[in-house]
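Everything below concerns the one structure shown next.
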Amino acid sequence: MSESELKPLNIKVFENFRQLDEPTIDVVLDPYVRDMKQKIVILDDDPTGVQTVNDVYVYTDWTVETFKKGLEGQKKLFFILTNSRGLTVPETRAVHTEIAHNLAQASRETGVDFILISRSDSTLRGHYPLETEVLRSVLEEETGNRFNGEILFPYFLEGGRFTMNNVHYVKDGDMLIPAAQTEFAKDKSFGYSNSDLRYYVEEKTKGEYAAEDVTCISLQDLRDCEIDKIANQLMAVHSFNKVIVNAISCVDVKIFCMALCKALQLGRRFIFRSAGSLCKVIGGVKSKPLLTRRELVLPGNTNGGIVIIGSHVKKTTLQFEELKNCKYPLEFIEFHAARVLEEGGLEDETKQVIAKAESFLVEGKSVVVYTSRELVKLNTTDKDEILQASVAISNALVAVVGDMTIKPNFIIAKGGITSSDVGTKALRVKRARVMGQIKPGIPVWMTGDESKFPYMPYVIFPGNVGEVTTLREAVEVLMDDSEENQ
């Protein structure tokens, strides 16, 4: 079926599939995951990949020593934040070459084998297939181990991303929109024109991997628990051909992982390009309740909190407007991005915003610092100049936190690149523990002792996740002191 023939579907279409008892599936899955010997290394192209996990570590560098810490640690999996979605093609190639080299060396020195997941956007944006091709090439050369195939698994429940009949969908209200028909597919850097993942692969690899050669794991087989059949499909994959996994529920991920473990035990090797849901299941991470204010706000800090909004996707703008309806008082401060057109304008804007924000914070008032919602119009069509201006605006916004002298009561950063830069550049995090989620798909880091603000919960809010009300609800969780006053 061509893209033009694909139509939005009502989410009730999920009712057509056989329903399974997930607790029973969990009992069967546990020994598969428990007996897996490899460590799971997850390369995260922005900091939102920890959306589904808790009590694991994320590192913001990829030295040999860092990889050795992760491989020798007690946790079954760990994350490396590459932030490559904010990098150019040459930068991404260089970073992944270095990562693969250092990982191979760390594995040799520790004697610990690994499974490698390239965690990326559930709406299919990112440097694909560049990242996994570089990883494959370098790792095969340095380890001598050949990868049989690549598994694409963009399903992500919390974000409303589902794959059915090989077509990837984005949930909007009660409707499922083919991914290539959403704003995400129009991304200037990572756009695409196919919702059918078979043709997405062919498009992105420029025909090197044909749609007809892609192995498809069907929902029918998953719901019929055809573990051996699916394992045999995986065993037949060769020459780094692609596998796409259909999924509309976490139970589909769990059944697939049983078949995957069988193939791995028989010596098959794969690289994964996935969203966050696979990471949780294959890592055996147990669910935990959403985090509360008592877990997130440090006692004794009477300052207000701060929300930094840099993302410009439609969902973020709608969530920003809804935030104005917060039941608790907020002070809104606009960061005038157009000052990038002035000599020294951004530096002056940062200083002014910090002065305003800190004056409110010390009074116990929480603030929202947001970039102008209208995109800046530059007098150029040069892509490098446009990128440089965008980076300059982002760096100036991030410096609001980086140059701040008042420790906020809480910090929320909205948008993948914004949250990455706030975490690494402003807060100077080297290793953080993932506490869990404040709302589904909204992760929280606990900063380390090396950070600008040590042992502080930091909320990483993706630009394209949640309902219109989710940002407001997260802020209200952080500002609700009713429990403390009881």
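Condition check for Trp62 on (1) touching a strand residue (DSSP E or B) at 6+ places or on another chain (Cβ under 7 Å); (2) without any contact (Cβ under 8 Å) to a residue 40 or more places away in the chain; (3) farther than 27 Å from Gly160 by Cβ: one failure, at (2).
Contact annotation: residue pairs with Cβ atoms under 9 Å, 6 or more positions apart or on different chains, pairing a residue in segment 447-469 that is touching a residue at least 40 places away in the same chain (Cβ under 8 Å) and more than 21 Å from Tyr59 (Cβ to Cβ) with a partner that is aromatic (Phe, Trp, Tyr) and crowded, with 19+ Cβ neighbours inside 10 Å, are Asn464/Phe184; Val465/Phe156.
The residues in segment 342-397 that are at pLDDT 90 or above, part of a helix (DSSP H, G or I) and hydroxyl-bearing (Ser, Thr, Tyr) can be counted, and the count is 2. Screening the candidates Val13, Val58, Val41 for the property of being within 24 Å of the chain's Cα centre (by Cα) and either assigned to a loop (DSSP other than H, G, I, E, B) or closer than 30 Å to Ala211 by Cβ (or both) yields one hit, Val41. Inspection of segment 25-38 identifies no residue that is surrounded by fewer than 18 Cβ atoms within 10 Å (Cβ to Cβ), among the hydroxyl-bearing types (Ser, Thr, Tyr) and more than 26 Å from Ala413 (Cα to Cα).
Selection of segment 297-320 for residues being touching a Leu at 6+ places or on another chain (Cβ under 8 Å) and within 14 Å of Ile406 (Cβ to Cβ) yields Asn303, Gly304, Gly305, Ile306. Pairs are defined by a Cβ separation below 7 Å, a sequence spacing of at least 6 or placement on different chains, a first member in segment 76-105 that is farther than 15 Å from Glu133 by Cα and in the same structural domain as Gln388 (by TED's automatic domain parsing), and a second member that is of a type in the set (Lys, Arg) and surrounded by fewer than 16 Cβ atoms within 10 Å (Cβ to Cβ); no pair meets this definition.
To keep it simple, each residue is scored yes or no on (1) assigned by TED's automatic domain parsing to the domain that holds Glu15; (2) closer than 22 Å to Phe17 by Cβ; (3) not small (Gly, Ala, Ser).
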position	(1), (2), (3)
Phe184	yes, no, yes
Ser189	yes, no, no
Asp213	yes, no, yes
Asp228	yes, yes, yes
Ala236	yes, no, no
Cys257	yes, yes, yes
Ala263	yes, no, no
Arg269	yes, no, yes
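Of the residues in segment 402-409, at least one is at pLDDT 95 or above, within 25 Å of Gly49 (Cβ to Cβ) and part of a helix (DSSP H, G or I).
Has segment 117-128 got any residue that is within 18 Å of the chain's Cα centre (by Cα), among the hydrophobic types (A, V, I, L, M, F, W, C), at pLDDT 95 or above and within 30 Å of Ser195 (Cβ to Cβ)? Scanning segment 117-128 turns up at least one residue that is within 18 Å of the chain's Cα centre (by Cα), among the hydrophobic types (A, V, I, L, M, F, W, C), at pLDDT 95 or above and within 30 Å of Ser195 (Cβ to Cβ). Of the strands (runs of 3 or more DSSP E) that lie entirely inside segment 137-238, those containing 3 or more residues that are within 21 Å of the chain's Cα centre (by Cα) and on the phi < 0 side of the Ramachandran plot span 149-153, 161-164, 167-172, 175-178.
Each residue in segment 166-217 was checked for being in contact with a His (Cβ under 7 Å, 6 or more places away or on another chain) and surrounded by fewer than 17 Cβ atoms within 10 Å (Cβ to Cβ), and 0 pass.
The values are calculated or read from the model by the stated rules, or taken from the named source; none is laboratory data. If you're wondering where the values come from, they're calculated on a predicted model, not measured in any experiment. Cβ: placed from backbone, ideal geometry, glycine included. Neighbour counts: every protein chain shown.
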